[in-house]
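The values are calculated or read from the model by the stated rules, or taken from the named source; none is laboratory data. Keep in mind that what you see is a predicted model, and the values were worked out from it rather than measured. Cβ placement follows ideal geometry from the backbone for every residue including glycine, while neighbour counts extend to all protein chains displayed.
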Amino acid sequence: MALKKKKKCSNQIKIALAGNPNSGKTTIFNELTGARQHVGNWPGVTVEKKTGSAYYNNCSLQVVDLPGTYSLGAYSEDEIVARDFLTSDDYDLVLNIINSGSLERNLYFTVQLLEMGVDLIAVLNMADEARKKGIKIDHKILSRMLGVPVVETVASKGKGVENLLAETVENQGLQKDQLKINYGFEIEDLISQIISQLEKSNIQDSVNKRWLAVKLIERDPEAVKLLEREVSKKSAKKIKSLIAKTELKAELDFDSIIIDKKYEFINNIVRKSVTRPAPEEEPDNISDKIDNVVTNKYLGIPIFMTVMWVIFQLTFTLGDPLIGYIETFFEFSGALIGSFLTGFGFSSLIVSFVSDGIIGGVGSVLVFIPNIFLLFLGIAVLEDTGYMSRAAYVMDKVMSKLGLHGKSFIPMIIGFGCNVPGVMATRTLDSKRDRIISILINPLMSCSARLPVYVVFAGALFPNHGGLVVFSLYLMGILLAVIMAGVFNKFLIKGERSHFVMELPPYRLPTFKGVVIHMWEKVGAFIKKAGTIIFSVAVLIWVMANLPVGVEYASAESLIGRFGQLAAPIFAPLGFGSWQAASSLVFGILAKEVVVSTLGVVYAAGEGSLRTVLAANFSPLAAYSFLAMVLIYTPCAATLGAIKSETQSWKWPIISAVYLFVLAWVVSFIIYQGGLLLGIGV
Amino acid sequence: MPLAMMKSGESACIKKITGGRTARGKLTGLGLVCGKEVKIHSDNSGSGPLIIALGDNRIALGRGLAHKIFVDKKGCEK
Ligand SMILES: Nc1nc2c(ncn2[C@@H]2O[C@H](COP(=O)(O)OP(=O)(O)OP(=O)(O)O)[C@@H](O)[C@H]2O)c(=O)[nH]1
Ligand SMILES: [Mg+2]
């Protein structure tokens, strides 16, 4: 790289990453800041603003990663986040991340930014893919025609990022002229009339008048709001009627003309700066070949089911032997530490705290690290290859029967990992109604936190059919989600239906780094959760099991025992009316893993593993009913919090907490009482 | 004719886009504007969403939206 002359940075430079969805913004963000934000090969991965920092040549940069968007029109919540930030003026420079392989469409967004007067650098990312397709872009011409610097990058390999930093520092504070597209005689005339009206009405200097005028002609709702805020009612009305009258007189659709002219401008740039091979010389498109099979009318859904089955098998079959090792490790170290502490003359209370409270509680959850790891490996591969949006396409038919569409399926898949990002992922849906329904059914997607509960019980009570039992729970969750979506759609939530349109990105090989980062983050989060909330609750339960002073540890007379007895009658008709089961469910609302850790603490009678105790205390039928309860009942505190913040009201978290509890009770009741009647598993 | 009536493998030129502000705005952002050539990759045998090719991009498009896009099978004049 050529040495750039050093430029002094007086203040921190604030840069924003903006561009079309799936153009590689977050990949660049991670490269610039060393962060490990979520990257995936489908549009709509990032749904909130993230901030990080970078340094270059003594300059300190604040970097903001934004959700992707095709235009500043902002039709969904994630796009609104991007639009609001970009129109806020709270940054010095925009790095406009462009997918080099589809320059034309990406430039439509670039042009909108330039018209707004934003200072930007055009970053031609994914240069590797464009090259493979034989697409050549002349940077000089592109840079001259757009009037902005152009930098080429291959973010996934970290190429060009250093150069991008240099250009960023170089170009900070350079004020460029705002881009002016000629919209033709009629519109230009109208624009100047509006501008003079705006000037007459003493609008603030900071408002970009030409941009506002164009937006007003397009009848952009945000621009109309801005106008009404900035000028008097009378002037606003005057300007609006001026636009309406002129358009009527001209007998033209100004909105369409503006769009056409923008694309004309872009086409001209593309024609002059891009060369590509003749159609017949283009290399074969492998993605299309895969799509012919994967999105096939008859094969699509079976293939999707197979993919989920494989991930599931991977999680359990491969994970199971590993669990055994970790379990042995904890049992061994528990016993060792126990005898060690006793040997050193620690009181039996402390020994019990360590072996029952910590190892029995936290240890019983940490055992499942291999499963969590494998599950997220599966999801990461699903996300990184590009199959995610195909799954949405394939499921569109099913989803539209429920009044939703294919895109609503993506939050459901994410929910298999964790319901919190699942709930957040609904931001990409553009109707409020779709969002609420999707949020309400998301907790029915069995998340990774429920997995430890299933595995413990499956191992204890269904040693030969464990896999089948757990898979049936996942299916039950999906089925109930489908039914509930249909119910909400039919009876409860009214609103406009939205349209399904979604880009299908080319398939990409998951990068090793990407997948490892993804999983490391998730497993890290799991361990952190074990060390914080699960640990605290385990300690709390242990203390409650020892109080009042002098009580027998974890007996029915202990505090936890009495507490559990209060709740137990509710669950008695479902087959698990013991105080141990009841208290584990109540505390499980804090985090679903707590169900296991609580059982670990209260059943830690010292002898044998949790599995043996459970086998002695549950019939297979009661256990299955209990698992259905754990699957369906009230979402964990974090999910309820996410529902609250995403819907901006207490109404929806309360509704979901209540309806899911009732649903869980009913389903468990049917399972248990039905099973009793038929004499299955008693 | 509406794009929704086209069969797999056929190409056509977009002539007109009807529908509300939101629908049109979303299509415009994705590059589906008048004067563009599109090719149907999968017509899904006449029901459910289609897959269309617009240059190098592949777009899944609900049938409802596809009914709002009018095309000419003769293609775009160069
Ligand atoms: N071949 C190639 N792939 C890339 C490049 N940059 C990013 N990718 C891949 O493109 C996909 C999208 O990357 P992201 O960084 O998640 O894109 P984004 O712009 O943040 O997407 P949204 O958050 O959905 O708007 C991922 O699969 C990346 O690995 C590149 O330069 N070349
Ligand atoms: Mg992103």
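The condition (being in a loop (DSSP other than H, G, I, E, B) and closer than 24 Å to A:LEU614 by Cα) is satisfied by just one residue among A:ALA449, A:ALA458: A:ALA449. For region A:220-230, the criterion of being outside the structural domain of A:GLY117 (by TED's automatic domain parsing), crowded, with 18+ Cβ neighbours inside 10 Å and not in a helix (DSSP H, G or I) is satisfied by at least one residue.
Among the residues of region A:424-433, some residue qualifies, meaning at least one is part of a helix (DSSP H, G or I), surrounded by fewer than 20 Cβ atoms within 10 Å (Cβ to Cβ), under 20 Å from the mean Cα position of the chain (by Cα) and in contact (Cβ under 8 Å) with a residue 24 or more places away in the chain. Does A:PHE340 qualify as being crowded, with 19+ Cβ neighbours inside 10 Å, part of a helix (DSSP H, G or I) and more than 14 Å from every other protein chain (Cβ to nearest Cβ)? Criteria not met by A:PHE340.
The residues of region A:23-39 that are buried (at least 24 other Cβ atoms within 10 Å of the Cβ) and either away from ligand 2 (no atom under 16 Å from the Cβ) or under 14 Å from the mean Cα position of the chain (by Cα) (or both), listed by number, are A:THR26, A:VAL39. Checked against the criterion of being assigned to a strand (DSSP E or B), of a type in the set (S, T, N, Q) and in contact with a Leu (Cβ under 8 Å, 6 or more places away or on another chain), region B:41-51 contains one or more residues that satisfy it. Considered as a group, the residues in region A:77-104 that are touching a helix residue (DSSP H, G or I) at 6+ places or on another chain (Cβ under 6 Å) and surrounded by fewer than 21 Cβ atoms within 10 Å (Cβ to Cβ) include one that is nearest to the other protein chains (Cβ to nearest Cβ), and that residue is A:GLU104. Can you tell me which residue within region A:105-151, out of those that are within 14 Å of B:ASP56 (Cβ to Cβ) and within 16 Å of ligand 2 (Cβ to nearest atom), is farthest from the other protein chains (Cβ to nearest Cβ)? Among residues in region A:105-151 that are within 14 Å of B:ASP56 (Cβ to Cβ) and within 16 Å of ligand 2 (Cβ to nearest atom), the one farthest from the other protein chains (Cβ to nearest Cβ) is A:MET126. Within region A:545-602, the set of residues being among the aromatic types (Phe, Trp, Tyr), touching a residue at least 24 places away in the same chain (Cβ under 8 Å) and not in a loop (DSSP other than H, G, I, E, B) comprises A:PHE571, A:PHE587. Can you name every residue in region A:50-66 that is part of a loop (DSSP other than H, G, I, E, B) and either near ligand 2 (Cβ under 9 Å from one of its atoms) or modelled with pLDDT of 95 or more (or both)? Within region A:50-66, just A:LEU66 meets the criteria. Here A:ILE258 meets the list (1) more than 38 Å from the chain's Cα centre (by Cα); (2) surrounded by 12 or more Cβ atoms within 10 Å (Cβ to Cβ); (3) within 14 Å of chain B (Cβ to nearest Cβ) almost entirely, failing just condition (1). Every listed requirement among (1) at the interface with another protein chain (Cβ under 10 Å from one of its Cβ atoms); (2) surrounded by fewer than 21 Cβ atoms within 10 Å (Cβ to Cβ) is met by B:LEU32 save one, (2). The set of residues in region A:11-66 that are within 14 Å of another protein chain (Cβ to nearest Cβ) and near ligand 1 (Cβ under 6 Å from one of its atoms) comprises A:PRO21, A:ASN22, A:SER23, A:ASN41, A:PRO43, A:GLY44.
Looking only at residues that are small (Gly, Ala, Ser) and either buried (at least 24 other Cβ atoms within 10 Å of the Cβ) or at pLDDT 90 or above (or both) in region A:381-412, which one is nearest to ligand 1 (Cβ to nearest atom)? Filtering first and then ranking leaves A:GLY386.
Considering only residues in region B:1-23 that are within 9 Å of chain A (Cβ to nearest Cβ) and in contact with a Leu (Cβ under 9 Å, 6 or more places away or on another chain), the one that is nearest to B:LEU61 (Cα to Cα) turns out to be B:ALA23. Being under 23 Å from A:SER389 (Cβ atoms), more than 11 Å from the chain's Cα centre (by Cα) and not basic (Lys, Arg) is the requirement here; does B:ALA23 meet it? In short, yes.
Filtering region A:597-608 for residues that are charged (D, E, K, R) and under 36 Å from the mean Cα position of the chain (by Cα) leaves an empty set. Selection of region A:481-528 for residues being within 14 Å of another protein chain (Cβ to nearest Cβ) and among the basic types (Lys, Arg) yields A:ARG497, A:ARG508. For A:ASP177, the criteria (1) more than 37 Å from the chain's Cα centre (by Cα); (2) in contact (Cβ under 8 Å) with a residue 12 or more places away in the chain; (3) over 25 Å from A:ILE15 (Cα atoms) hold in every case but one, which is (3). You will find that of A:PHE512, A:PHE471, A:PHE500, A:PHE491, the residue that is at pLDDT below 90 and closer than 30 Å to B:ARG58 by Cβ is A:PHE512 and no other. Hey, does region A:465-472 have a residue that's within 19 Å of A:THR634 (Cβ to Cβ), more than 14 Å from chain B (Cβ to nearest Cβ), buried (at least 19 other Cβ atoms within 10 Å of the Cβ) and touching a residue at least 12 places away in the same chain (Cβ under 8 Å)? No: region A:465-472 contains no residue that is within 19 Å of A:THR634 (Cβ to Cβ), more than 14 Å from chain B (Cβ to nearest Cβ), buried (at least 19 other Cβ atoms within 10 Å of the Cβ) and touching a residue at least 12 places away in the same chain (Cβ under 8 Å).
Pick from region A:126-174 the residues that are among the polar types (S, T, N, Q) and not in a helix (DSSP H, G or I): which of them is farthest from the chain's Cα centre (by Cα)? Among those that are among the polar types (S, T, N, Q) and not in a helix (DSSP H, G or I), it is A:GLN172.
Residue-by-condition table, conditions (1) in a helix (DSSP H, G or I); (2) in contact with a helix residue (DSSP H, G or I) (Cβ under 9 Å, 6 or more places away or on another chain); (3) more than 14 Å from every other protein chain (Cβ to nearest Cβ):
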| site | (1), (2), (3) |
| --- | --- |
| A:LYS245 | yes, no, yes |
| A:ARG271 | yes, no, no |
| A:PRO277 | no, no, no |
| A:GLU280 | yes, no, yes |
| A:LYS297 | no, yes, no |
| A:TRP309 | yes, yes, yes |
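Looking only at region A:463-510, which residues are charged (D, E, K, R) and not in a helix (DSSP H, G or I)? Those that are charged (D, E, K, R) and not in a helix (DSSP H, G or I): A:LYS494, A:GLU496, A:ARG497, A:GLU503, A:ARG508.
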